[in-house]
Protein chains: 2
Amino acid sequence: MFAEIITIGDELLIGQVTDTNSAWMGRELNKVGIEVIRVVSVRDRADEIIEAVDASMKRANIVLVTGGLGPTKDDITKQTLCKYFGTRLIFSEAVFENVKRVLAGKIPMNALNKSQAMVPEDCIVINNRVGSASVSWFEKDGKVLVSMPGVPQEMTTVMSEEVIPRLCAKFRTDAIVHRTFTVQNYPESVLAEKLESWEMALPACLKLAYLPKPGLIRLRLTGRGQNRSEVEACVNTESAKLEAILGEDILDEEDTPIEILIGELLKKKNLTLSTAESCTGGSIAARITSVAGSSEYFKGSIIAYANEVKTELLGVSMETLEKRGAVSEETVIEMVKGAMKALKTDCAVATSGIAGPSGGTEEKPVGTVWIAAAYKSEICTMKQETNRGREMNVERASNNALLLLRKLVK
Amino acid sequence: MFAEIITIGDELLIGQVTDTNSAWMGRELNKVGIEVIRVVSVRDRADEIIEAVDASMKRANIVLVTGGLGPTKDDITKQTLCKYFGTRLIFSEAVFENVKRVLAGKIPMNALNKSQAMVPEDCIVINNRVGSASVSWFEKDGKVLVSMPGVPQEMTTVMSEEVIPRLCAKFRTDAIVHRTFTVQNYPESVLAEKLESWEMALPACLKLAYLPKPGLIRLRLTGRGQNRSEVEACVNTESAKLEAILGEDILDEEDTPIEILIGELLKKKNLTLSTAESCTGGSIAARITSVAGSSEYFKGSIIAYANEVKTELLGVSMETLEKRGAVSEETVIEMVKGAMKALKTDCAVATSGIAGPSGGTEEKPVGTVWIAAAYKSEICTMKQETNRGREMNVERASNNALLLLRKLVK
């Protein structure tokens, strides 16, 4: 079963907002066997919206539209879809009650909010529990178009609770099975060469994709077919072959963020964690705490951007800083020990580097990062090199620190 | 001058990668008067790529294609474009030299890397200084299609250094002037009502858009026309009217991230900053340090997720924690003071709250966050309420903490 996504809004085209909705929708639809074959972003213009809708309705059985449902003048999706489907807007008492409920105690009702209770006459209206814009479900020639709000939290709620269950009930879908392998130690081309003969011999129902990430490559094996158990058997057989080829270089067989894997590991072993961050500036801590329930194992961090914070709060010696410099193996070892001591944890990670764009020297160019991970009395370190820009240098250092810790504790 | 963007790759449709390239391209192209009117993401399939390319070439004068240029089997953009433009792949010595240079000392050259030196015969080949995939510039009937790598750092480099300058040289573009106002204290519908009569009277060359963000609304006024000074005059006149209507509620007239504004303010006043973070878990520090040069004013943070870290490193009293709880005005005041003292800074922000999804109580439901900002002896606090999910609660708290600090220091 194929779907297309249409995202509406000038802000997407001018780049003031990054479309994160489509990726989320692609993931969730895939899980239930609906494959997104195209995503189209268009401006808030009736003719362009209609052209895009018409083309998508011709190609796919399911068209999911987000955005353009706000109370303001620049939002025209509702009227435009009425035009396309040959219907008109009517006042809905039920939607009006929902708008009132959502706004209750926050802002006074005005004419613009009231306009959100106007809905297309010839469609199924689905209430939006978490926002004031309702969802419209149109059907035509056995195909479905659903118009949803573009606010991510509202879209994800209505998709999960209403739209996906209804799509599953209406359409019979193929079984899709994904398995993702996170592979370390390979550049993309070298890995591809190593896997070439295996890949060439894959059965027709399977497809392999390479998804490089900073410092890692994810390999995604996708199987699809009418019979789930057959597809699963096929994916299992080929996965076993892949494991035999790559062995220890496979870091994980799940496409789970490393911060979640670390959390599970620490909980299982009943260990606590802290971080001492210089160049990553809190990014590692922010990733760890993005996981719900992280307070069970994460106690805190010392972000030591200034050298005096490294000495005073982490106990890095002045001598080390003077002789070896802040970006050195010795400094990150003292930092990681300092974090475990000050924050009383079983494990810790530490980073110190030159994120850039300036601050590099001949000996320590921009992009140089020293990383340490500690598990009780065991400490291991690594040096990250190659400058890929400030943001990427920090992201890679965060990835590497968490990977190093996982390896050590596991 | 209109452009369309086509992003190619199964990983975009299945949602394993979020397309951030298009938003970046939209912003940069807009600055030079090229308006992106559509973004289309398609799978790695020749027929779908050709259909999308053909449709875009009919609608726009400029078509920018990203992705599908890697060395592996699933990448087919180059061959497919050859088919569309009726040309073939030939070996380029110059591109081969570049591939060798880019890979030098990192990985050994193999047949797959060598295939990256195959380029379309009938196009202008532009070297990619930072990666092994070259850029192809096709022309047909006065229109241009440029195929670029999808890796963000490679795409941004070739766009900035090569593609945008060449597009500007080839096409005469309209003048586009944007002004963005960050407005606080208003729900979208209330703001829209307040601005309605002004908005209705805007001249035809101007357009207004509402861009809500957690806790804020950005208003974007866009003018376009052939004569830059006329468009600018028009934008200035209407901006002055808008300022008169909204006064103090306009937080900023630039679409600059708050962490950059804070950095400029602190540098100007020669002040230093630290953070004490509980529920934001390092997110504020990570945002501050995402700004190049932040080491000039940012000294560090104490992330105090566990209560004992609050008492031991920040000096929050046991009594306060017991009587008022960790999520209280008293606690964040002691935290912010503790950060200034421990990290020896002039300013600080502190957060403590219940990010969720669990941990809430009747009195302090999920979403409750206390925030404090301090500037020397002055301290101000605020309470954030309403649960919008863990991620959004943290993002809003970070925004609010930085806004509170800015207001205090300014």
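FYI, it's all coordinate maths here, none of it is from the lab. Everything numeric in this text was worked out from a predicted model, so none of it was measured. Cβ: placed from backbone, ideal geometry, glycine included. Neighbour counts: every protein chain shown.
Going from the fewest other Cβ atoms within 10 Å to the most, the residues B:Cys123, B:Cys347 appear in the order B:Cys123, B:Cys347.
Counting Cβ atoms of other protein chains within 10 Å of each residue's Cβ and taking the mean over peptide B:34-43 gives 6.
Restricted to Cα atoms, chain A shows a radius of gyration and a Dmax of 26.0, 78 angstrom. Each other copy holds its own label point for A:Arg129; taking that point as 7 Å from Cα along Cα to Cβ, the gaps run 5.3 nm, nearest first.
Cross-link pairs exceeding 18 Å in C-alpha to C-alpha distance, out of A:Lys299/A:Lys407; A:Lys58/A:Lys207; B:Lys376/B:Lys407, comprise A:Lys299/A:Lys407; A:Lys58/A:Lys207. Among beta bridges from DSSP that stay inside the protein assembly as shown, the antiparallel ones total about 65%.
Between beta-carbons, use under 10 Å as the cut-off and find the net charge around A:Gly150, counting Lys and Arg +1, Asp and Glu -1. Combined, the nearby Lys, Arg, Asp and Glu give -4.
GNM remark for chain A: springs join alpha carbons under 10 Å apart, and the peak mean-square fluctuation among A:Glu238, A:Glu248, A:Glu35 falls on A:Glu248. The stretch between A:Ala244 and A:Val32, if pulled fully straight at 0.36 nm per residue, gains 73.3 nm over its current Cα-Cα span. Segment A:Gln153..A:Arg88, full-extension length gain: 20.6 nm, with 0.36 nm per residue of separation and the alpha-carbon distance subtracted.
Obtain the radius of gyration and the Kirkwood radius of the stretch A:151-301 from its C-alpha atoms and give Rg over Rh.
Computed over Cα atoms, the ratio is 1.05.
Each copy carries a label point for A:Phe2 at 7 Å from Cα toward Cβ; from one copy, the others' points are 2.5 nm away, ordered from shortest.
From helices alone, chain B scores -12000 deg cm²/dmol at 222 nm; the rule is -39500 (n - 2.57) for each run of n ≥ 4 DSSP H residues, then divide by the residue total. Cross-link reach is defined here as a Cα-Cα straight distance under 14 Å, omitting same-chain residues fewer than 8 places apart; for B:Lys194 the aspartates and glutamates meeting it are B:Glu243, B:Asp249. Among residues of chain A, the one whose beta-carbon sits closest to the A-to-B rotation axis is listed with its distance in Å as A:Gly282, 2. Quick one: grab the alpha carbon gyration tensor of the stretch A:175-252, order the square roots of its eigenvalues as a ≥ b ≥ c, and give me rounded if a/c is under 1.5, else prolate or oblate depending on whether a/b is larger than b/c. Prolate, since a/c reaches 1.5 and a/b exceeds b/c. Under the rule a/c < 1.5 gives rounded, and otherwise a/b versus b/c splits prolate from oblate, where does the stretch B:2-170 land using the Cα gyration tensor? Rounded, because the longest to shortest axis ratio a/c is under 1.5. Sorted fewest first by neighbouring Cβ atoms within 10 angstrom, B:Met25, B:Met118, B:Met159, B:Met200 come out as B:Met200, B:Met118, B:Met159, B:Met25. Can you bin the stretch A:1-91 into rounded, prolate or oblate? Criterion: square roots of the alpha carbon gyration tensor eigenvalues sorted a ≥ b ≥ c, rounded for a/c under 1.5, prolate for a/b above b/c, oblate for the rest. Cα axes put the stretch A:1-91 in the oblate bin. Which log10 I(q)/I(0) values does the stretch A:258-409 give at q = 0.11 Å⁻¹ under the Debye formula, counting every alpha carbon as one identical point scatterer? Reported log10 I(q)/I(0), two decimals: -0.36.
Roughly how many nanometres apart are two label points built 7 Å out from the Cα toward the Cβ at A:Lys344 and A:Cys168? According to this spin-label approximation, the distance is 4.6 nm.
Which of A:Lys364/B:Lys78; B:Lys78/B:Lys170; A:Lys31/A:Lys213 have a Cα-Cα distance over 31 Å?
From A:Lys364/B:Lys78; B:Lys78/B:Lys170; A:Lys31/A:Lys213, over 31 Å: A:Lys364/B:Lys78.
Rounded to the nearest 20, the size of the Cβ-charge dipole of chain B about its Cα centre is 780 debye, with Lys and Arg at +1 and Asp and Glu at -1. At full extension, B:Ala46 and B:Thr386 could sit 117.6 nm farther apart than now, given 0.36 nm per residue minus the alpha carbon distance.
Taking the convex hull of the alpha carbon atoms in the stretch B:146-210, what volume per residue do you get, in Å³?
160 Å³
For A:Glu277, A:Glu385, the sequence from fewest to most other C-beta atoms within 10 Å is A:Glu385, A:Glu277.
What would the Debye equation give as log₁₀ I(q)/I(0) for the protein assembly as shown at q = 0.08, 0.09, 0.11 Å⁻¹, counting only Cα atoms as equal point scatterers? Per q value, in the given order, log10 I(q)/I(0) is -0.75, -0.98, -1.51. Expressed to the nearest 5 percent, the antiparallel share of DSSP beta bridges inside the stretch B:258-409 is 60 percent. Distances between copies of B:Lys383, taken at a point 7 Å out from Cα along the Cα→Cβ vector and listed shortest first: 5.4 nm.
Close amide H partners of B:Gly225, meaning residues 5 or more places away or on another chain with modelled amide H under 5 Å apart, are B:Ala175.
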